[in-house]
Structures are given as C-alpha cells and as structure tokens.
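What follows is a single structure, written as structure tokens, with notes after it.
The values are calculated or read from the model by the stated rules, or taken from the named source; none is laboratory data. Model, not experiment: these values are computed from the prediction. For neighbour counting, all protein chains shown are included, and Cβ atoms are generated from backbone atoms with ideal geometry for every residue, glycine included.
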2 protein chains.
Amino acid sequence: MLKDIVRTKTYQNVITQSSFLIKDKIVLDVGAGTGILSLFCAKAGAKHVYAIECSQMADMAKEIVNTNGYSNVITVIKGKVEEIELPVPKVDVIISEWMGYFLLFENMLNTVLYARDKWLAEDGVVLPDRCSLHLTAIEDADYKEDKIEFWNNVYGFDMSCIKKQAMMEPLVDTVDANQIVTNCQLLKTMDISKMTSGDASFTVPFKLTAERNDYIHALVAYFNVSFTKCHKLMGFSTGPKSKATHWKQTVLYLEDVITICEGETLTGSMTVSNNKKNPRDIDIKLKYLLNGQRSQVSRTQFYKMR
Amino acid sequence: MLKDIVRTKTYQNVITQSSFLIKDKIVLDVGAGTGILSLFCAKAGAKHVYAIECSQMADMAKEIVNTNGYSNVITVIKGKVEEIELPVPKVDVIISEWMGYFLLFENMLNTVLYARDKWLAEDGVVLPDRCSLHLTAIEDADYKEDKIEFWNNVYGFDMSCIKKQAMMEPLVDTVDANQIVTNCQLLKTMDISKMTSGDASFTVPFKLTAERNDYIHALVAYFNVSFTKCHKLMGFSTGPKSKATHWKQTVLYLEDVITICEGETLTGSMTVSNNKKNPRDIDIKLKYLLNGQRSQVSRTQFYKMR
C-alpha cells in the first residue's frame, strides 16, 4: 500500500506543507499500519503521536519507530480503537488512511468517527476531512463478455447461475478514461469532521448525460479525498481520469446493454447501506431509467460488496 | 480458476481422450468447486460421479449439474472429505485438482490421500497420479530492488525490519524465461497413487549449473503434473518456459547476490515441511553453496509460505 504513490505522497505533502496543523500538536493515527503517517507527523514537529494499529503490523511499527529514532515522540498502541485507552484525554489532530474500495468498503470510517467523538478536542482537525463519491457510465463490451457472459458456456456447460452472482459483485478494476460515455456526477459529499456513521447510508439521485453515441455496459463509482484545512486545498481523486491508485474504480455491470445517443440522459438513484448481517459488507441498490430514441430501459439492480 | 486454460483443458483432454479410464466407472471428485471435472466425467460416460465440495460453491455446483441435465449421474455432496459419508463403499477413480502454489501450499494433497486410502478400489486410478517439483535460478535485479530493497528507504524512513519479513515470504509470480541463469533441476517426484502424507515433507539436494555469466538473485521452484494412466502421457508444467498458469512460479529471494560464471555450480539442499502450528503453511529451508571464481557464498535461509 505504501507503493501507492498518489496516496502516500498526498499525505506526505499535506503533513509537510501544512506543518502549522501538526507542529507542537498531539496527533492520533487511526489504523497506523507501518506507522508511515505517524513518522511524517513526528518529522513535521508533532508534540506527540499515538499510533493505533490492531494487527501484527503494530510490532513492526514499533521497531520502525525505534529504528528511525522517534520512540520519544511516537507511541504505538497495539489494539482496537474501540478497546484501547489513550494516555491523554484529548488530541488536536486525527489522521487516518481509512478509505476502502468504493470509499466505504470494510467500514473503517466508523472507527475514525468513534475516535473523533471520543478524543478529538473541540477545535481539533480530522485529516482528511472531506470525501466525495462520484458516478459515471462506461462502454465495456469486451470485459463484460469476458467476466460475465463467460459463464453461459464454460467448456460446453451452462454455468449461468454463477453469472447471476458475478453480476451482483461490483468489480474493483481500472477503467480506461476512453471508455467513459457520459459526464461524471457528484453523488454524495461527506464531512468527516461532522458526519455521523448513519450518514454513510444514503439514497442519492443521479442524472448522467451521454457525451457521444455509444453503449453503456456498466456504471462506475469512484471517490475523491480532500484536506480542506491546509493552506491551499489538497487531495486526490481515484477517478478514471486521474493517476491510478490501488483503489482503482468500482464497476457495476448492468443487466441491460443500453444504447444511448449523445445528449440523452440516464437517470436513477443509488442506495448505499451496510449489510445488516455483515456490517463490513456494503449493499448497493441501483435504479436506472432511459427513455431514449433507440433504447428504453427501467430496472432495479442489487449489488453486494464483500 | 476455470479461466486457467492450461489446467482445465488438460483435465478435459485427459478425461475425453482417455474415456477408457472413466466410462462406466464410479468417480470421486475431491474438492469439486463448480463441478467442472465431474461434468467432464459424466459426459465421458461415468457410471456415477460423487462430487465433494465443502464451500458454498457446492450449492452452485448442484444447480449447474441440474441445469446441464446430469443430476442422475452426478451427486454433489456438501461437506469435508474427512466428515462426509459416501453412498458406495469403493470408487474406481479419484479425480482432483488439489495442487496449490509451490504444489503443496494449502495442503489439499492430504485430503486426496485420505480419500484414496478410504474409498479407492484396489485397482483404482488417481488422476493426476504423478507430480514433480523443480528448481532453477534467475537474475532478478530490478524486481528484487523493487520488492525487497524498497524497505531500506520508504519516503525517507528506514523500514528494513519489514525487508527481513519480505525476504522470508516466497513470492508467487510469473518469471520470464530469459531471466533463467542455470539449468532446471528435478527435485522430487511424488506418486499420488502410492505416497503417504509424510512423503510431502522432505530434504532433497540440488546442483544448478550456470549456462551463462550472470548474477543470481533468487531460486525459482515450480511443478509438473502428469497423468500416466492415459493412453499416452499427458500433463502440464507450471515452469517459466511453459505457458503461464494461475500457479505462476514460486520465487525465493536470496540474501546474497551471487556472481556466477558459465559452468560453475550452485549446490545445496531444500527442506520442505508443513508448519507445526499451521499445517496449511509450508516451511522451506534452503542451504546453498558456491565456490566460484568471483563469488563465494555459503548460507542457510528460511522461508514460510502462508
């Protein structure tokens, strides 16, 4: 994950260039991993950094902190955010790289919100503090054939029951910007410094307008991340027009192949919620409608990220 | 996995072309997955096929068997081989695609041997019945730099303690045949129809002779699979000179960069055993020695596949 340069470099630039946010502050790093963000903060002059990591990586992080001479500034705490105790009542800054595929997958946002509510000082800062989810539509004939229609005839056998399941699984993959058929639309903005965990479940409308005559095989979701408390706005996009990240994009294949003409609009809504049984899973409901010259569709589809 | 054409096509060819092994026989498919091997056998005229699958995929396999009209020939049994009961005392053929990375990873071989000892008739056949493990040596300067030395300086911080761990993890990846510096040596042959589970733990010597002046950064292990009961020998190789499979190859990086001259030999031994704590994990001990013109090395290294 450290090799995702877009991600790690953005955090490094935010911390280095906005040292006024970090210098002499008490910082909490939620889900610290190797401790890289804590190290950035320590180097930028943080008064103290508490790095919480629940996996075995915490032991590695401790060793890395020692090796790099920051053991007096960074305290690695091995445990779950919801279970550990902090040696201080409040922190000035919470930093975290919690974003999952489709922004919300694996549900680590809740852990950040828990830490914020419990430990962040009243005028404290959350980094990053703004995320947005976006939607566009692509033509993807070859890949859909390969991934989905494949199951119709597998070495001569009909495995189409697997196709139904394959359709329900959003595909995390890199989309070529040339495949994009419509505009890209903002679906939802989240303010990490204010939102509640309930705000991560929502229904939002969308209206995508075709920019050329083409077919639509899938809708594609991606997210942007912003640090609005910096001197100037900083952040990154995981969209298909931006430099690739390990998050890639999230492709939702449609049951229909939609024939769309330039200027026509595909409208609908997306409902996102945590799965009741497995809260780390995400249920997505997609409604879409096109009354076009050459294609009429109206359908509701369900997806599950797991 | 079905998309690994080398693998699935070989099984299909074996079953189709050697129908004398299958026709009117009772077949047991160990770890059936989607049921593809059972379907091949049913189509080839098996009297009955028992397809054992312990995952949720068993439900899919049942539906696929029904859809394709083989529910009178194939019985899908959902459960663990060690726990289920077969409606027949003996079977004529056991077929299985049990091979893991480095042949033995995930230890499904034991399950096949268990099924063989419990249910295979005295003159019964195991498909496949012969596997072999092979070793060669490669130069891999760029990749080793990227994967291993990376940890020496991560955005300015020393994370070399992770490097030690990275070195211990065999890397499953596709090796370019042009990287091969020495001959390829057979390490170990296994006869699945006769071996015991203890035979999967072993120490074997090796002697690799350089075919050009080059550097060696890693040893590479791969396996071949044979069906010797066919009319003619059939099978496939997962080696770097053969068509790629999903098993790729297994790369063991060396602590030393070995400078080797054409004709010089790298000798040593490899010890393979199941991890005591987690029997699905594999411990590999590598001893190697070179007394060359330009390089002298003698070292023992430990790896863990998990």
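(1) facing chain B (nearest Cβ under 10 Å); (2) closer than 15 Å to A:LEU127 by Cβ; (3) more than 22 Å from the chain's Cα centre (by Cα): which one isn't true of A:VAL65, the others all being true?
The single condition A:VAL65 does not satisfy is (2).
Just one of the numbered conditions (1) more than 14 Å from chain B (Cβ to nearest Cβ); (2) closer than 30 Å to B:MET57 by Cβ is not true of A:VAL126; which one?
With (1) more than 14 Å from chain B (Cβ to nearest Cβ); (2) closer than 30 Å to B:MET57 by Cβ applied to A:VAL126, the lone miss is (2).
So is A:LYS276 at pLDDT 95 or above, charged (D, E, K, R) and farther than 16 Å from A:TYR101 by Cβ or not?
no
Out of all the residues in the range B:209-228, which are more than 26 Å from B:VAL272 (Cβ to Cβ) and in a loop (DSSP other than H, G, I, E, B)?
Result: B:ARG212, B:ASN213.
I'm trying to understand the selection: among the residues of the range B:144-155, which are more than 9 Å from chain A (Cβ to nearest Cβ) and touching a Phe, Trp or Tyr at 6+ places or on another chain (Cβ under 9 Å)?
Answer for the range B:144-155, where residues must be more than 9 Å from chain A (Cβ to nearest Cβ) and touching a Phe, Trp or Tyr at 6+ places or on another chain (Cβ under 9 Å): B:LYS144, B:LYS147, B:ILE148.
When you scan the range B:107-115, do you find a residue that is aliphatic (A, V, I, L, M) and at pLDDT below 95, even just one? Can you show your working first?
Initial filter on the range B:107-115 (aliphatic (A, V, I, L, M)): B:108-109, B:112-113, B:115.
Filter again for at pLDDT below 95, leaving B:108.
Scanning the range B:107-115 turns up at least one residue that is aliphatic (A, V, I, L, M) and at pLDDT below 95.
If you scan the range A:219-234, which residues turn out to be modelled with pLDDT of 95 or more and surrounded by fewer than 17 Cβ atoms within 10 Å (Cβ to Cβ)?
Result: A:THR228, single match.
Residues checked against (1) over 18 Å from A:VAL27 (Cα atoms); (2) surrounded by 18 or more Cβ atoms within 10 Å (Cβ to Cβ); (3) in contact with a strand residue (DSSP E or B) (Cβ under 7 Å, 6 or more places away or on another chain):
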position	(1), (2), (3)
A:GLY45	no, no, no
A:ALA61	no, yes, yes
A:GLU82	no, no, no
A:VAL91	no, yes, yes
A:SER96	no, yes, yes
A:TYR101	yes, yes, yes
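If I filter the range A:9-23 down to residues being crowded, with 19+ Cβ neighbours inside 10 Å and not aliphatic (A, V, I, L, M), which single residue comes out as nearest to the other protein chains (Cβ to nearest Cβ)?
By that ranking, first place goes to A:GLN12.
Which of (1) closer than 22 Å to B:MET168 by Cα; (2) not in a strand (DSSP E or B) is the odd one out, the single condition B:HIS231 does not satisfy?
Failing condition for B:HIS231: (1).
Of the residues B:THR245, B:THR259, B:THR267, B:THR300, which is closer than 26 Å to B:VAL126 by Cβ and either of a type in the set (S, T, N, Q) or part of a loop (DSSP other than H, G, I, E, B) (or both)?
It is B:THR245.
Count, please, the residues in the range B:105-141 that happen to be surrounded by fewer than 21 Cβ atoms within 10 Å (Cβ to Cβ), aliphatic (A, V, I, L, M) and in a strand (DSSP E or B).
Residues meeting the conditions: 2.
Condition check: within 21 Å of B:VAL175 (Cβ to Cβ), out of contact with any Ser or Thr (no Cβ under 8 Å at 6 or more places or on another chain), part of a strand (DSSP E or B) and of a type outside the set (Lys, Arg). Does B:LEU252 satisfy that?
The answer is yes for B:LEU252.
Answer yes or no as to whether A:VAL30 is touching a residue at least 12 places away in the same chain (Cβ under 8 Å), under 17 Å from A:MET108 (Cβ atoms), of a type in the set (Val, Ile, Thr) and away from chain B (no Cβ under 11 Å).
Against the criterion (touching a residue at least 12 places away in the same chain (Cβ under 8 Å), under 17 Å from A:MET108 (Cβ atoms), of a type in the set (Val, Ile, Thr) and away from chain B (no Cβ under 11 Å)), A:VAL30 qualifies.
In the list B:TYR303, B:TYR288, B:TYR253, which residue meets the criterion of being of a type in the set (Phe, Trp, Tyr) and touching a Pro at 6+ places or on another chain (Cβ under 6 Å)? Let's see the steps before the verdict.
Numbers: B:TYR288 fails: touching a Pro at 6+ places or on another chain (Cβ under 6 Å); B:TYR253 fails: touching a Pro at 6+ places or on another chain (Cβ under 6 Å).
From the options B:TYR303, B:TYR288, B:TYR253, the qualifying one is B:TYR303.
Given the residues B:ASP199, B:ASP158, B:ASP173, B:ASP191, which is the only one that is on the phi < 0 side of the Ramachandran plot, within 14 Å of chain A (Cβ to nearest Cβ) and either buried (at least 19 other Cβ atoms within 10 Å of the Cβ) or of a type in the set (Asp, Glu) (or both)?
Details: B:ASP199 fails: within 14 Å of chain A (Cβ to nearest Cβ); B:ASP173 fails: within 14 Å of chain A (Cβ to nearest Cβ); B:ASP191 fails: within 14 Å of chain A (Cβ to nearest Cβ).
Unique residue meeting the criteria: B:ASP158.
Can we say B:TYR50 is among the aromatic types (Phe, Trp, Tyr), touching a residue at least 12 places away in the same chain (Cβ under 8 Å) and either touching a Leu at 6+ places or on another chain (Cβ under 6 Å) or surrounded by fewer than 19 Cβ atoms within 10 Å (Cβ to Cβ) (or both)?
So B:TYR50 fits the description; yes.
What number goes with the only condition from (1) crowded, with 19+ Cβ neighbours inside 10 Å; (2) in contact with a helix residue (DSSP H, G or I) (Cβ under 8 Å, 6 or more places away or on another chain); (3) among the aromatic types (Phe, Trp, Tyr) that A:PHE302 does not pass?
Checking A:PHE302 against (1) crowded, with 19+ Cβ neighbours inside 10 Å; (2) in contact with a helix residue (DSSP H, G or I) (Cβ under 8 Å, 6 or more places away or on another chain); (3) among the aromatic types (Phe, Trp, Tyr), the one that fails is (1).
Which residues, counting only those in the range B:90-104, are closer than 18 Å to B:ILE52 by Cβ, of a type outside the set (D, E, K, R) and part of a loop (DSSP other than H, G, I, E, B)?
Correct list: B:TRP98, B:MET99.
If you go through the range A:273-287 one residue at a time, do you hit one that is in a strand (DSSP E or B), within 23 Å of A:GLU169 (Cα to Cα) and basic (Lys, Arg)?
yes
Considering (1) hydrophobic (A, V, I, L, M, F, W, C); (2) within 13 Å of chain B (Cβ to nearest Cβ); (3) assigned to a helix (DSSP H, G or I), say which one A:MET1 fails and leave the rest.
(3)
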